[in-house]
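Colleague: After the structure tokens below, expect a handful of questions from me.
The values are calculated or read from the model by the stated rules, or taken from the named source; none is laboratory data. As the structure is a computational prediction, the values presented were derived from the model and not from experiment. Positions of Cβ are generated from backbone atoms using ideal geometry, with glycine treated the same way; all protein chains shown enter the neighbour counts. Only protein heavy atoms, including side chains, enter the accessible area calculation; ligands, DNA and RNA are left aside. Shrake-Rupley method; radii C 1.70, N 1.55, O 1.52, S 1.80 Å.
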Amino acid sequence: MNPIKHYDVIVIGGGATGAGTARDCALRGLKVLLVERHDFSSGATGRNHGLLHSGARYAVTDQESATECIKENMTLRRIASHCVEETGGLFITLPEDDLAYQQTFIDACRKAGIEADAIDPGLARRLEPSVNPSIIGAVKVPDGSIDPFRLTTANVIDAQIHGADILTHHEVTDFIRSADRIEGIVMTDSLTGQTLRATADVTVNAAGIWGHLIAQKAGVTVKMFPAKGALLVFGHRVNNIVINRCRKPANADILVPGDTVCVIGTTSDRVDFDSIDNMEVTPGEVDILLREGIKLAPSLATTRILRAYAGVRPLVASDNDPSGRSISRGIVCLDHASRDGLEGFITITGGKLMTYRLMAQWATDMVCRKLGRPEIKCSTASLPLPGSDLTPKAVKTLHTVAQKAAKGRHGNLADNIPAATDTDRSMVCECENVSAGEINYAIDRLHIQSLEGLRRRTRLGMGTCQGQLCICRAAALLEAHNPCAQRHLDQIASFVNERWKGIRPVAWGDALSEAQLTAWIYGHQLGLNQLKTTTESNEI
Amino acid sequence: MKFDSVIIGGGLAGLTAGISLAAKGHNTAIIATGHSALHFNPGSFGLLDSNIDINSLAPGHPYSKIGAQNITALTDHAHALLSDTGLNFLKDHSNITPMGIVQTSWLTLDGMLTIESLAATGAKDLTIVGIDGFLDFYPRFIASALQKQGYNCIVSSITTDTLGRLRSNPSEMRAANISRIITAADLDTLARQINAQASNADAIIFPAIIGLNGYDQFKQLRDKVSKPLFYAPTVGISVTGMMIASMLKGRFTSLGGHMLKGQSVISGTFANNRLSSVTTDKLDDTIKADNFILAAGSFFSHGLKALPDRIVEPALGLDTETPDGPLCHKDLLSPQPFMKAGLASDPSFRCLRARSAVENLYGAGAILSSADSLSENSGAGIAMLTALHIANKL
């Protein structure tokens, strides 16, 4: 039996919230373990718009959320500059919308501290040529776009630098409890099947919608409702400025640019817990996303759709309404000692991707209070994340497109990517400019063991070919580090099917042609259709 | 312009029909965009997966329309056509894919790596030679497969000055680009480098990156290397496939055939249940012919187009057939229903237009419905056999 390690705090969940909490704890000098059942950003963190909200969207209906948003928006621009693109945003009024709403909207934004300026529709069209030419109104706001994978990775790296232990592919299967206290966790390593234990003074439930189930395991109830949101990624960055509809928030009214693509979203439908690990986008969802998206930018009608995907938001029931009909807005931070009589356990949930740092702050403040150390203060609002460091470094000339792309992905940490030899510089993913050096860096320094992990860290396979040409190249590099041909063939099949899952709901036009070529290359050219692998990807 | 026969599509089906008709003395033209699924063919052709009984195929399947009893004569004819083109194909050999999986094929180009060819050399020790910085070739996976066959394998890699210059732009290291820059002098250098690596080997395996500048080069490298050398396919675009396509085109034009390149058919004029002429996106003139063969390929080749709610044939607006039910299976590596969608045709392969067969318009190859060439491994077979079956009647 392995010796059980003791921590000040265990954080369950490797999304932005969990990673942010682990970072905050580590920066405050606490001994922390972060546990994630799959890979970082597998849940809602990896399945949203990538929108750096200005908060304008909530200004009219929820001033508190709006104010929180704009503050965090400004903070993230400082501390996560390499994850943020300062695109700006427009809230447009179409002929079918009520132009009078625009003034209500601007007033509410200003009241929340969000800069909002009405501009002439003609100017809006010149600033953003893809916008619907029939707009009758436009308001400029400080929206941006953010890469949630980079953001989460940067938090994890900083946590590690400050002494945190990180375990991915470890699922919490049970809690170690005594009477009225959570003492620690029991986890299963999904790669080896081994069972491990760890103890801590405080355990933080930061597992998103799965937090509902984690709480159940701990013996308390936090009523959450899974709310599915579907989105479409287009194969082309149609707009440079975020385009929103200037109206009461509705489905499919945000088009966000990010890197080389743009994303239209989203929808909101209650689903059952038994579908949250295997979401499929429905034809009805594709329909509404396309229809409403085309109203924002008409050229979407002829733009190739790369894939469709869905994420699940945790809607948290208000504590004072057990029926669940009233949903708590904003961040929910629960101390189960005062709420349920269970010591050593807290839940942090609700919120949005971009308020993750504030959520982490609240959770860590609560952790420190429970540890009897309330005096240690949070510094995450001022300390830049690794990759966004502002300390002057020797300026390294960037020679190649790949180096520039890597710098975009990893910030200053890209300096660590080997680029000295021809082999280092050879291109694995040509769509996203990922070199063999960057792949090997991710394997060696970022502890990646799978193709899915490489996808999250380097954007391998996320470009226009959706892995069609680059996955085998990456698999061969992985295999060289970890010889086992069969395992990598299974991984390739798994990866290809995960991409296919997102293409199936939009399987027409170019998407279908490319899928046919992919089926030929992987099924026949490589011979995988003879393998009879029934691999359902168990990574989300 | 007026021809005896016009073929729409310059892939394997189109070229096979073209060569066959030109050899019979028809004044023949092929209208081609230049793309072809052959460019992704690793140098081996499939007829029908050995697990499938040809007599169990649906009546609408191209092989059923040809008639099971006619298949053998046509396969012999196909083999002879390739042979006359200067391409020696071996029958029923077992290939090794880039990831080391073994597949048996109807025809494999001589010189490609097959289990049988390797065994015929009596080799025991093999050296698999890769190229520095070339990421579409996986020596370790191939070694793993060959070790299971009982061979001892060493993996190594080489480079040359020419290849080094290509590598300075890292996105250029694709098989097709490498093949394009190999000169006669480079071939000598490569042979020298390979020989230096292979002193202890009985046979060499090298990536199939030679041949775009001619089939001679493909053969010459094998001659210059001191041990038996076999080409192993690379992933993605295939130099071997492009070479085969190029050879077939050369054969067609040497027989007097006309290639109308870089263009696609955008409309056709029908009269009295016949296709009288077609127009393309590049020529002002209409193209008339007594007979037309539509061999424009599947979705990937744009012979078929999938709209959100239906599948269409975009050039001439002909009838299509689509299987009932969902068109996509959730496992991409399992048979996909959309593969069976395609051109509707009568038992003689005449295309249907508003449910009526067009007298002088035939469909051949991947554009046809009712065959899943991917899971059946029947793509090349359907292309060549339907093309020959139709050409024989004209």
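Colleague: Kindly indicate which of B:Leu107, B:Leu90 is away from chain A (no Cβ under 14 Å), assigned to a strand (DSSP E or B), under 24 Å from B:Met242 (Cα atoms) and open to solvent by 30 Å² or more (accessible area, probe 1.4 Å).
Modeller: Details: B:Leu107 fails: open to solvent by 30 Å² or more (accessible area, probe 1.4 Å).
Being away from chain A (no Cβ under 14 Å), assigned to a strand (DSSP E or B), under 24 Å from B:Met242 (Cα atoms) and open to solvent by 30 Å² or more (accessible area, probe 1.4 Å) holds for just one of B:Leu107, B:Leu90, which is B:Leu90.
Colleague: Still on this structure, I have one more. Find the residue count for the range B:197-210, including only residues that are crowded, with 18+ Cβ neighbours inside 10 Å and either β-branched (Val, Ile, Thr) or more than 27 Å from B:Thr108 (Cβ to Cβ) (or both).
Modeller: Summing the residues that are crowded, with 18+ Cβ neighbours inside 10 Å and either β-branched (Val, Ile, Thr) or more than 27 Å from B:Thr108 (Cβ to Cβ) (or both) in the range B:197-210 gives 4.
Colleague: Now for a separate question. In the range A:280-305, how many are hydroxyl-bearing (Ser, Thr, Tyr), under 15 Å from A:Gly235 (Cα atoms) and under 25 Å from the mean Cα position of the chain (by Cα)? Walk me through how you get there before you give the answer.
Modeller: Filtering the range A:280-305 for residues hydroxyl-bearing (Ser, Thr, Tyr) gives A:282, A:299, A:302-303.
Next cut, under 15 Å from A:Gly235 (Cα atoms) only: A:299, A:302-303.
Pick out the ones that are also under 25 Å from the mean Cα position of the chain (by Cα) and you get A:303.
Here the count works out to 1.
Colleague: Might you check whether a residue that is open to solvent by 10 Å² or more (accessible area, probe 1.4 Å) and at pLDDT 95 or above occurs anywhere in the range A:52-69? Before you say what the answer is, go through the steps one by one.
Modeller: Kept after step one, since they are open to solvent by 10 Å² or more (accessible area, probe 1.4 Å), are these residues of the range A:52-69: A:53, A:57-58, A:60-65, A:67-68.
Filter again for at pLDDT 95 or above, leaving none.
Within the range A:52-69, not a single residue is open to solvent by 10 Å² or more (accessible area, probe 1.4 Å) and at pLDDT 95 or above.
Colleague: Continuing with the same structure: Specify the residue that is surrounded by the most Cβ atoms within 10 Å (Cβ to Cβ); the eligible residues are those in the range A:263-315 that are closer than 20 Å to A:Arg125 by Cα and without any contact (Cβ under 8 Å) to a residue 40 or more places away in the chain.
Modeller: First, the residues of the range A:263-315 that are closer than 20 Å to A:Arg125 by Cα: A:263-264, A:292-303.
Keeping just the survivors that are without any contact (Cβ under 8 Å) to a residue 40 or more places away in the chain gives A:264, A:294, A:301-302.
On the way: A:Ile264: 27, A:Ile294: 17, A:Ala301: 10, A:Thr302: 9.
For the range A:263-315, the residue satisfying everything is A:Ile264.
Colleague: Taking the condition of being open to solvent by 40 Å² or more (accessible area, probe 1.4 Å) and either within 9 Å of another protein chain (Cβ to nearest Cβ) or within 20 Å of the chain's Cα centre (by Cα) (or both), how many residues in the range A:431-448 meet it? Let's see the steps before the verdict.
Modeller: At the first step, the residues of the range A:431-448 found to be open to solvent by 40 Å² or more (accessible area, probe 1.4 Å) are A:431, A:444-445, A:447.
Then drop every residue that is not either within 9 Å of another protein chain (Cβ to nearest Cβ) or within 20 Å of the chain's Cα centre (by Cα) (or both), which leaves A:447.
Residues flagged as open to solvent by 40 Å² or more (accessible area, probe 1.4 Å) and either within 9 Å of another protein chain (Cβ to nearest Cβ) or within 20 Å of the chain's Cα centre (by Cα) (or both) within the range A:431-448 amount to 1.
Colleague: May I pose another question? Residues in the range A:529-540: is at least one part of a helix (DSSP H, G or I) and either open to solvent by less than 10 Å² (accessible area, probe 1.4 Å) or more than 11 Å from chain B (Cβ to nearest Cβ) (or both)?
Modeller: First, the residues of the range A:529-540 that are part of a helix (DSSP H, G or I): A:529-530.
Then drop every residue that is not either open to solvent by less than 10 Å² (accessible area, probe 1.4 Å) or more than 11 Å from chain B (Cβ to nearest Cβ) (or both), which leaves none.
No, every residue in the range A:529-540 fails to be part of a helix (DSSP H, G or I) and either open to solvent by less than 10 Å² (accessible area, probe 1.4 Å) or more than 11 Å from chain B (Cβ to nearest Cβ) (or both).
Colleague: Hey, B:Glu376 hits all of (1) touching an Asp or Glu at 6+ places or on another chain (Cβ under 6 Å); (2) within 10 Å of chain A (Cβ to nearest Cβ); (3) not basic (Lys, Arg) but one; which does it fall short on?
Modeller: (2)
Colleague: Quick one: which residue in B:Leu327, B:Leu385, B:Leu352 is buried (at least 22 other Cβ atoms within 10 Å of the Cβ) and either modelled with pLDDT of 95 or more or at negative phi (or both)?
Modeller: Matching residue, one of B:Leu327, B:Leu385, B:Leu352: B:Leu385.
Colleague: Can you pull out the residues in the range A:14-31 that are open to solvent by less than 10 Å² (accessible area, probe 1.4 Å) and either of a type in the set (Phe, Trp, Tyr) or touching a Gly at 6+ places or on another chain (Cβ under 8 Å) (or both)? Give the steps one after another, and end with the answer.
Modeller: From the range A:14-31, those open to solvent by less than 10 Å² (accessible area, probe 1.4 Å) are A:14, A:16, A:18-26, A:30; that's our starting set.
Selection gives A:Ala26 alone.
Colleague: Which of the residues that make up the range A:411-430 are surrounded by fewer than 21 Cβ atoms within 10 Å (Cβ to Cβ), within 25 Å of the chain's Cα centre (by Cα) and within 11 Å of chain B (Cβ to nearest Cβ)?
Modeller: Within the range A:411-430, just A:Glu430 meets the criteria.
Colleague: Show me the strands (runs of 3 or more DSSP E) entirely contained within the range A:154-219 in which 1 or more residues are surrounded by 23 or more Cβ atoms within 10 Å (Cβ to Cβ).
Modeller: Working: elements: A:165-167, A:170-178, A:181-189, A:195-205.
Correct list: A:170-178, A:181-189, A:195-205.
Colleague: While we're here: Please name all residue pairs, on different chains or six or more residues apart, with Cβ atoms under 7 Å, provided the first residue is in the range B:32-57 and is more than 13 Å from chain A (Cβ to nearest Cβ) and the second residue is among the charged types (D, E, K, R).
Modeller: Correct list of pairs: B:Ala32/B:Lys261; B:Gly34/B:Lys261; B:Leu48/B:Glu376; B:Ile52/B:Glu376.
Colleague: Among B:Ala306, B:Ala366, B:Ala357, which is open to solvent by 20 Å² or more (accessible area, probe 1.4 Å) and within 14 Å of chain A (Cβ to nearest Cβ)?
Modeller: Numbers: B:Ala306 fails: open to solvent by 20 Å² or more (accessible area, probe 1.4 Å); B:Ala357 fails: within 14 Å of chain A (Cβ to nearest Cβ).
Answer to the selection: B:Ala366.
Colleague: Go through (1) modelled with pLDDT under 85; (2) not in a helix (DSSP H, G or I) and name the single condition A:Arg409 misses.
Modeller: All conditions pass for A:Arg409, except number (2).
Colleague: Does A:Arg456 count as within 19 Å of B:Ile101 (Cα to Cα), away from chain B (no Cβ under 11 Å), modelled with pLDDT under 85 and part of a helix (DSSP H, G or I)? Quick ask: steps written out before the conclusion?
Modeller: On the way: within 19 Å of B:Ile101 (Cα to Cα): no; away from chain B (no Cβ under 11 Å): yes; modelled with pLDDT under 85: yes; part of a helix (DSSP H, G or I): yes.
So A:Arg456 fails the test.
Colleague: Specify which of the listed residues (B:Gly297, B:Gly317, B:Gly262, B:Gly257) is on the phi > 0 side of the Ramachandran plot, touching a helix residue (DSSP H, G or I) at 6+ places or on another chain (Cβ under 6 Å) and either more than 14 Å from chain A (Cβ to nearest Cβ) or open to solvent by less than 20 Å² (accessible area, probe 1.4 Å) (or both).
Modeller: B:Gly297
Colleague: Looking at B:Ser267, B:Ser345 in this structure, which one is at pLDDT 95 or above, more than 14 Å from every other protein chain (Cβ to nearest Cβ), over 22 Å from the mean Cα position of the chain (by Cα) and more than 18 Å from B:Gly10 (Cα to Cα)? Outline the logic, then answer.
Modeller: Working: B:Ser267 fails: more than 18 Å from B:Gly10 (Cα to Cα).
When all the criteria are applied, what remains is B:Ser345.
Colleague: Exactly one of these conditions fails for B:Asn51: (1) at pLDDT 95 or above; (2) outside any helix (DSSP H, G or I); (3) open to solvent by 30 Å² or more (accessible area, probe 1.4 Å). Give me its number.
Modeller: Among (1) at pLDDT 95 or above; (2) outside any helix (DSSP H, G or I); (3) open to solvent by 30 Å² or more (accessible area, probe 1.4 Å), the lone unmet condition for B:Asn51 is (1).
Colleague: Related question: Specify the residue that is most open to solvent (accessible area, probe 1.4 Å); the eligible residues are those in the range A:479-496 that are in contact with a Ser or Thr (Cβ under 6 Å, 6 or more places away or on another chain) and within 10 Å of chain B (Cβ to nearest Cβ).
Modeller: Filtering first and then ranking leaves A:Ala485.
Colleague: Within the group A:Ala476, A:Ala519, which residue is at the interface with chain B (Cβ under 7 Å from one of its Cβ atoms) and either open to solvent by less than 10 Å² (accessible area, probe 1.4 Å) or not in a helix (DSSP H, G or I) (or both)? Before you say what the answer is, go through the steps one by one.
Modeller: Values: A:Ala476 fails: either open to solvent by less than 10 Å² (accessible area, probe 1.4 Å) or not in a helix (DSSP H, G or I) (or both).
Within the list A:Ala476, A:Ala519, the selection yields A:Ala519.
Colleague: A:Gly113 - would you say it is farther than 30 Å from A:Ala198 by Cβ, open to solvent by 50 Å² or more (accessible area, probe 1.4 Å) and either of a type in the set (Val, Ile, Thr) or out of contact with any Pro (no Cβ under 7 Å at 6 or more places or on another chain) (or both)?
Modeller: Numbers: farther than 30 Å from A:Ala198 by Cβ: yes; open to solvent by 50 Å² or more (accessible area, probe 1.4 Å): yes; either of a type in the set (Val, Ile, Thr) or out of contact with any Pro (no Cβ under 7 Å at 6 or more places or on another chain) (or both): yes.
In short, yes.
Colleague: If we keep just the residues of the range B:311-326 that are touching a strand residue (DSSP E or B) at 6+ places or on another chain (Cβ under 8 Å) and in a loop (DSSP other than H, G, I, E, B), which is nearest to B:Ile31 (Cα to Cα)? Write out each step before concluding.
Modeller: Initially, the range B:311-326 is screened for residues touching a strand residue (DSSP E or B) at 6+ places or on another chain (Cβ under 8 Å), giving B:311-322.
Still in the running and in a loop (DSSP other than H, G, I, E, B): B:313-319, B:322.
On the way: B:Glu313: 16, B:Pro314: 15, B:Ala315: 12, B:Leu316: 14, B:Gly317: 17, B:Leu318: 18, B:Asp319: 21, B:Thr322: 26 Å.
The qualifying residue nearest to B:Ile31 (Cα to Cα) is B:Ala315.
Colleague: Given the conditions (1) within 7 Å of chain B (Cβ to nearest Cβ); (2) surrounded by fewer than 19 Cβ atoms within 10 Å (Cβ to Cβ); (3) in contact (Cβ under 8 Å) with a residue 40 or more places away in the chain; (4) in contact with an Asp or Glu (Cβ under 9 Å, 6 or more places away or on another chain), report the number of the one that A:Gly509 does not fulfil.
Modeller: Going through the list (1) within 7 Å of chain B (Cβ to nearest Cβ); (2) surrounded by fewer than 19 Cβ atoms within 10 Å (Cβ to Cβ); (3) in contact (Cβ under 8 Å) with a residue 40 or more places away in the chain; (4) in contact with an Asp or Glu (Cβ under 9 Å, 6 or more places away or on another chain), A:Gly509 breaks only (4).
Colleague: Here's a check for you: in the range B:131-171, which residue that is more than 23 Å from A:Cys484 (Cβ to Cβ) and open to solvent by 30 Å² or more (accessible area, probe 1.4 Å) is nearest to the other protein chains (Cβ to nearest Cβ)?
Modeller: Step by step, filter the range B:131-171, then rank; the result is B:Ser171.
Colleague: With the condition kept exactly as written, say whether any residue in the range B:186-196 is open to solvent by less than 60 Å² (accessible area, probe 1.4 Å), within 14 Å of chain A (Cβ to nearest Cβ) and under 31 Å from the mean Cα position of the chain (by Cα).
Modeller: no
Colleague: Further question on the same structure: Regarding A:Ile503, is this residue farther than 26 Å from B:Pro139 by Cα and under 21 Å from the mean Cα position of the chain (by Cα)? Spell out the reasoning first.
Modeller: Details: farther than 26 Å from B:Pro139 by Cα: yes; under 21 Å from the mean Cα position of the chain (by Cα): yes.
Judged against the criteria, A:Ile503 is a match.
Colleague: Does B:Ile287 satisfy being at pLDDT 95 or above, crowded, with 20+ Cβ neighbours inside 10 Å and more than 18 Å from B:Tyr63 (Cα to Cα)?
Modeller: Numbers: at pLDDT 95 or above: yes; crowded, with 20+ Cβ neighbours inside 10 Å: yes; more than 18 Å from B:Tyr63 (Cα to Cα): yes.
Here the answer is yes, as B:Ile287 does meet what is asked.
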